[in-house]
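> My questions all concern the structure below.
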Amino acid sequence: MRDGHRTRVLSLLQDHGALTRAELVRRSGISRATISEVVAALLADGFVREIEPPSGGHPGKVGRPSALLTLDPTTGAAVGIDVDHDCLRVVVADLSHTVLAEADRPLDIDHDADTAMALAADLVHLVVAEAGLEAEQVLGVGMGLAGPLDRATGRPNPSSISPSWVGVDAAREMQRHIGYVVHIDNDANLGGLAESMWGAGRGVSEAAYVKVDTGVGAALLLGGQIYRGAVGTAGEMGHSTIAEDGPVCRCGNRGCLERSVGTPALLESLRGSHGDLSVDDMIRLADEGDAGCRRVIGDAGRLIGVQVANLCNLLNPRRVIIGGSLSAAGDVLLDPIRASIERCALPMAAATAEVVAGELGNRATVLGALSLVFRKVDPIELRPRRAASVARIRPQVSLGTTAADASGQG
Ligand SMILES: [Zn+2]
């Protein structure tokens, strides 16, 4: 029984980062007295540490805010990898959800899967060394790939990231490159997971995360869990048909949404008037009032909004989080999405769905890859390392789970 309670407390801290004793009681259903006892033992054994709550404490409460508990940083670390169409990002964080080091490199849009994995392996070794970690402290690696993955095999589908990845057993190949256990998921699901743990989706159990980038994909958060569908293609919003006689898509269909609103299509439609722009250029110009760039992004928002309106009618999310590189356009993109929802969705569904920009920007997928590991590590495997190791772990950036956020959840 005591071991069960101990494991439950460790896995709650693993999932949520930082919790107070009161939140542990509420989330576990274990009595306050038992939680106090279990926490005291975990503190004494070095599995858990107590940290000062962030300034501001708990809203609506008076007096000294309660201390937060996290897993001890020496119990282990997780690595996240995001293989995006044109960029590779790697991050390492300890189990208290503190980022220790991160790195990114540009990737050729037509990159070869093997080259990308070799580069990812180099970056993983770089960030692990930079964080001062020993290899055995790394408990696992999460990896995000753009596009749908076969749920049973983890292999990318033909409409995924780039042709060289199709059918590759990416988790196994990556594992062979780096020597750590690798878990894999698609980029939108990981972005949605990260936003729900640390960003704009905290405390919301019914939400959709829409990544608007080279492609368009959604994560569907139902009852607090990512919904993947029977084989893993749930949320492939970019392949919704918006024009049956439209251009042929990489998935084989005609007139898919992403053929009109994916960033390559937007840049292409500006080429005649504006020359070669990057996505950042287009967003900056829109920000400065350039009518053409505002029009292109706004039209994309309107089309995306129609599909989000359909999604609101089907799933009735409370929050729709817009992520991906185009989300940096802010309300130039979001207002037309909101207007389409208002126009097309059932009034009650439209009134429920709050449309917001993601808070984690282009790091959402790589941070979500960390959460894959946090959720998969068996607390029984955790081993705190004392003294000498402690000094080597250098907290840099907290991922931002706070007691105040957590207390908003059921
Ligand atoms: Zn398609």
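The numbers here are math on the coordinates, done by the rules we state, and not lab data. Quick caveat, the model's predicted, so the values are computed rather than measured. Cβ placement follows ideal geometry from the backbone for every residue including glycine, while neighbour counts extend to all protein chains displayed.
> So who's got an amide H within less than 5 Å of the one on residue 322, skipping anything under 5 residues away but keeping other chains? H placed 1.01 Å off N, in plane.
Excluding prolines and chain starts, which carry no amide H, the hits are 210, 356, 357, 358.
> Rg and Dmax of the stretch 207-279, Cα atoms, in Å?
Final numbers for Rg and Dmax: 14.5, 46 Å.
> Loop only by DSSP, 16 or fewer other Cβ within 10 Å of the Cβ. Give me the trypsin sites (Lys or Arg not before Pro) in the stretch 122-199 that pass, ordered by residue number.
On the way: sites: 151, 172, 176; in loops: 151.
Filter output for the stretch 122-199: 151.
> 5 Å is the cut-off here: which amide hydrogens, built 1.01 Å from N in the peptide plane, fall below it relative to residue 88, excluding neighbours closer than 5 in sequence?
Long-range HN contacts for residue 88: 105, 107.
> Just need the relative contact order of the stretch 217-339 here, percent rounded to a whole number, with Cα pairs under 8 Å and 6+ apart.
On the way: 132 pairs, mean separation 21.5, N = 123.
For the stretch 217-339, the relative contact order is 18 percent.
> Restricting to Cα pairs below 8 Å that are 6+ residues apart, what does the relative contact order work out to for the chain? Please round to a whole percent. Please report the intermediate quantities before stating the final value.
Numbers: 854 pairs, mean separation 83.7, N = 410.
The value is 20 percent.
> Which of 187, 378, 72, 169 comes first, and how do the rest follow, when ranked by fewest Cβ neighbours within 10 Å? Present the calculation step by step, with values, prior to reporting the outcome.
Numbers: 187 31, 378 11, 72 24, 169 14.
The most exposed by this proxy come first: 378, 169, 72, 187.
> Dividing the convex hull volume of the Cα atoms of the stretch 263-325 by its residue count, what figure in Å³ per residue is obtained?
Numbers: hull volume 5.6 nm³, N = 63.
Residue-normalised Cα hull volume stands at 89 Å³.
> Given the options 199, 229, 262, state which has the largest fluctuation in a GNM of the chain using a 10 Å cut-off (strictly under) for Cα springs.
Comparing 199, 229, 262 in the GNM, the peak value goes to 229.
> Between the helical axis of 2-16 and the dominant principal axis of the chain, each derived from Cα atoms, what acute angle in degrees is found, rounded to the nearest 10?
The angle comes out near 40 degrees.
> Two decimals is fine: what's Rg over Rh for the stretch 244-378, C-alpha atoms, Kirkwood radius as Rh?
Reported Rg/Rh (Cα atoms, Kirkwood Rh): 1.01.
> Also: At 20 °C and 1.002 mPa s, grab the translational diffusion coefficient of the stretch 1-154 from Stokes-Einstein with a Kirkwood Rh over Cα pairs, rounded to a whole number in µm² per second.
On the way: Rh = 17.8 Å.
In µm²/s, the coefficient is 120.
> Would you mind checking which residues have amide H under 5 Å from residue 48's amide H? H placed 1.01 Å from N; only 5 or more apart, or other chain.
Counting only residues 5 or more places away or on other chains, the set is 43, 72.
> Select from 18, 41, 328 the residue whose mean-square fluctuation is largest in a Gaussian network model of the chain (Cα-Cα springs shorter than 10 Å).
Its mean-square fluctuation being the largest, the pick is 41.
> Where is the GNM fluctuation largest for the chain (alpha-carbon springs, 10 angstrom cutoff): 371, 66, 327?
Among 371, 66, 327, the largest GNM mean-square fluctuation belongs to 66.
> Moving on to the next point. Give me the percent relative contact order of the stretch 99-179, please, defined on Cα pairs under 8 angstrom at least 6 residues apart. Don't jump to the answer; show the numbers that get you there.
Working: 68 pairs, mean separation 24.0, N = 81.
This gives 30 percent for the stretch 99-179.
> Mind checking Rg over Rh on the chain, alpha carbons, Kirkwood formula for Rh? Don't jump to the answer; show the numbers that get you there.
Values: Rg = 21.8 Å, Rh = 22.1 Å.
That ratio is 0.99, to two decimals.
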